[in-house]
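Here is the structure we will look at, set down as C-alpha cells.
Computed from the coordinates by the stated procedures, all read-outs in this text should not be read as laboratory data. Given the structure is predicted, the values throughout are model-derived calculations rather than measurements. Cβ sites come from the backbone with ideal geometry, for glycine too, and all protein chains shown count toward neighbours.
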2 protein chains.
Amino acid sequence: MLAHHGLKKATTHHLTQIDRVRASIPTVCKDGTCSADVCTAISDLGKSKRFQAGETVFWQGVEAESYFLITSGLMRAVRFLDDGRRQITRFIFPGTLIVHKDNVDHIYSGEAITDIEVRIIPRDVLDNLVSAQPCLADLVTCSILEELRETQDHLLTLGKLKAEERVSHFLSVLKRRLPGMEKNEINIPMSRTDIADYLGLTIETVSRVLGRMKRQGKISLPTCNRITVAESYVLDRHQESFAA
Amino acid sequence: MLAHHGLKKATTHHLTQIDRVRASIPTVCKDGTCSADVCTAISDLGKSKRFQAGETVFWQGVEAESYFLITSGLMRAVRFLDDGRRQITRFIFPGTLIVHKDNVDHIYSGEAITDIEVRIIPRDVLDNLVSAQPCLADLVTCSILEELRETQDHLLTLGKLKAEERVSHFLSVLKRRLPGMEKNEINIPMSRTDIADYLGLTIETVSRVLGRMKRQGKISLPTCNRITVAESYVLDRHQESFAA
DNA sequence: CGATGGGTTGACCGGTGTCAAGTTTTGTGG
DNA sequence: CCACAAAACTTGACACCGGTCAACCCATCG
C-alpha cells in the first residue's frame, strides 16, 4: 500500500523495532492470518499481561487507550443488547492486533476464553512508531481490514446460512485456525454457549446439530471439546463464497 | 490518533489539498458520519463518474485498484453465496470512502441503487498523499473503522433481533441517514428485496411486518417508498445497544 | 456422596420461509 | 391519454426450522 522507503542502520530501540517490523510487513499483508509476523514485529512493545479464563481484558463503552496484541490463548469479542442478549462478534486468535479509534469507546468487550497472554501497547507507543515510519501504517490498516473481512464473512453466515451450515462453516474455520493433534481433528476450546452466541443459535440447536452430524457419521466427538471429521465429509460446501 | 505536525504554506496542488484535508480531520474523526468533511477534503482527487441505478461500480473478487468516494445517490455492498443466495452487507450513503487492501480482491461488489455519482481515486494518488502527510492516515483508518462498526451493529441485528425488531432498527437508521421532507417521514429508496437481503429476511416477511406495523398504527405508508412514523411510536427500543 | 455446571435429548410451539394468488405500481407503445 | 405488460409489492395457507421449556446425563469438585 505505502512505499517502503530505504531505512539506514537504526540506532534507537524504536528504530531497530521498526526495522524488524518493516521486514515483516510484506508477509503480513499478503496472507490472511498475519499472526506469526505481527507477533514477531511488535512483540516487545508495551508490556505483557496474563488473564485467567473468564476475565475481561477491556470493556465495551470504555474509551480505548491501548492496542492489544494477543500472544497466546483465545479471546472473544462480546456485545450485549440492553435486554441481556449476547452476541459474540469474533473469536480472537493469537497474533491478532486489536485496533480501536482514538477518543472513541471500545465497540465490544474483550474476554478471555482460556487463560491468555496479552501484550498491552499504549496508543502513543505504536502511534509514534507509525508516525516515524509511515510504512508501518500497513500493520494497523491490515489488522482492521482483516477484522472487517472476518466480520463480513460472519454476517453472511448469520444472514443466509441454516443451522447446520453455520456449525459446519464454524468448524471448518476452527479447523484451519486451531488444528488438533491429528489431521481431521479439531480442538474446541470454547463452550457450547459461546458457539451458540457466536452463530446466532441456541445451545440446544448447536448440540442437536452436532448430535445429528454424529449419528450421520459425518463427525465423531470423543469428548465435547474435540471433534474428528470423517475423511469423506466436506465441512464447508460454501468455502469459495468466503474470503479466507 | 496521529500527531498533527505543523505544516507551512503549501506550494504544490497536492499540498494545498493536504492543507484542506488536515483542517477537516479533527471533525472527520469525532463524529460518526464524517460525510461532509470527507467529501470536502478529497472531493477533487481522482475523477468523478456517474452510474445508473442497477449498474455495478466494482466487483467482488476483482483486485481493488482504486478508492471510491460516493458523492451522491445510494449504493449497496453485495456478497453472493455460490448457490445464489445474496447478502447485502451495507447500504453506502454519500460521503463514504470505500477502502480496500492493496493486492487483494474486493470482498464485496458495489452496486448503484439509485443513479449515483462516484469519485474514483486511483490508489496511488491517495496513498502518495498519505505518505507525504501521515496525519492523513486518519482519513483512511477512520473510514475502515466506521465500516467495521456498522458491520458489527449489523451482525448484532442479524444474530439477535427478531423480524420486527430488525425492520424497526433498520427504519430508525434510515431515518437518521435519509430524513424525509417532514419530521417523522422516512425515504425508502431501496426495494423490498434489498431490505430483505440486508436484514436476512424474505420480502414476504418484510412486507408482513410493515403491514402489521401499519395496522397497529405505528406507521403509515402513503407510498411504498415513503413512511411516516407515529409520534408516539419509538422505532428502536435497542438504540443504546448500538454504537451510532 | 451430593451439589454444581455443562452438555444432551425430547415434546411442543411459534416465527419465518415457501408457494401461490392477488393487487398495486411502473413502464411502454399506440 | 389509454391499454397493456411487467415488475414490485401484499396477502394468505401451510410447512418446517429452530426456539422454549423441561428432564436427564455426565464429569468435576467439594
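Report the extension gain between A:E63 and A:N103 in nm, rounded to one decimal, defined as 0.36 nm multiplied by the number of residues separating them, less their alpha carbon distance.
On the way: separation 40, 0.36 × 40 = 14.40 nm, distance 0.64 nm.
Fully extending the segment from A:E63 to A:N103 adds 13.8 nm.
Whose amide H sits under 5 Å from the amide H of A:F58, counting only residues 5 or more places off or on another chain, with H placed in the peptide plane?
A:G110
For the residue pair B:E231 and B:A53, what label-to-label distance in nm results when each label sits 7 Å from Cα along the Cα-to-beta-carbon direction?
Those two pseudo-labels are separated by 3.4 nm.
Assume the label is 7 Å from Cα along Cα to beta carbon: what separations in nm does A:E63 have to the matching positions in the other copies?
So the label point of A:E63 gives 4.3 nm to the other copies.
What residues have an amide H closer than 5 Å to that of A:A230, excluding those fewer than 5 places away on the same chain, when H is modeled at 1.01 Å from N in the peptide plane?
Correct list: A:I219, A:S220.
Let me know the shape class of the stretch B:94-182, please: from the alpha-carbon gyration tensor, a ≥ b ≥ c as square roots of the eigenvalues, rounded when a/c is under 1.5, otherwise prolate if a/b is greater than b/c, or oblate.
prolate
Amide H neighbours of B:T89 under 5 Å, counting only residues 5+ apart in sequence or on other chains, H built in-plane at 1.01 Å?
Correct list: B:A77, B:V78, B:R79.
With θ set to phi - 60°, apply the Karplus curve 6.51 cos²θ - 1.76 cosθ + 1.60 along the stretch B:201-214 and write out the HN-Hα couplings as whole Hz, x wherever there is a Gly or Pro.
Ordered by residue, 3J(HN,Hα) equals 10, 9, 4, 4, 5, 4, 4, 5, 4, 4, x, 5, 4, 5 Hz.
If you put a point 7 Å past Cα along the Cβ direction, how far is that point for A:D105 from the same point in each other copy, in nm, smallest first?
Those label-point separations list as 3.8 nm.
Counting only other chains, and only Cβ atoms inside 10 Å, what mean value do you get across the residues of B:140-151?
Numbers: counts 5, 8, 3, 1, 8, 9, 1, 5, 12, 7, 2, 9.
What the average comes to for B:140-151 is 6.
Counting only other chains, and only Cβ atoms inside 10 Å, what mean value do you get across the residues of B:74-81? Don't skip to the answer; put the middle values down first.
Working: counts 0, 0, 0, 1, 0, 9, 3, 11.
The mean count of partner-chain Cβ atoms within 10 Å per residue comes to 3.
Taking only the alpha carbons of the stretch B:139-231, what extent do you get along each of the three principal axes, in Å, biggest first?
43, 29, 22
List the distances, in nm and shortest first, from the label point of B:S220 to the matching label points in every other copy, placing each point 7 Å from Cα along the Cα-to-Cβ direction.
For B:S220, the inter-copy label distances come out at 6.7 nm.
Above 15 Å lies some portion of the pair distances; for the stretch B:198-244, what is it as a whole percent of all C-alpha pairs? Intermediate values should be presented prior to the final figure.
Values: 604 of 1081 pairs.
Roughly 56 percent, once rounded to a whole number.
Set the Förster distance to 22 Å, then compute FRET efficiency between B:M181 and B:E117 from the Cβ-Cβ distance, nearest 0.05. All intermediate terms of the calculation are to be shown ahead of the outcome.
Details: r = 22 Å, r/R0 = 1.00.
E between B:M181 and B:E117, to the nearest 0.05, is 0.50.
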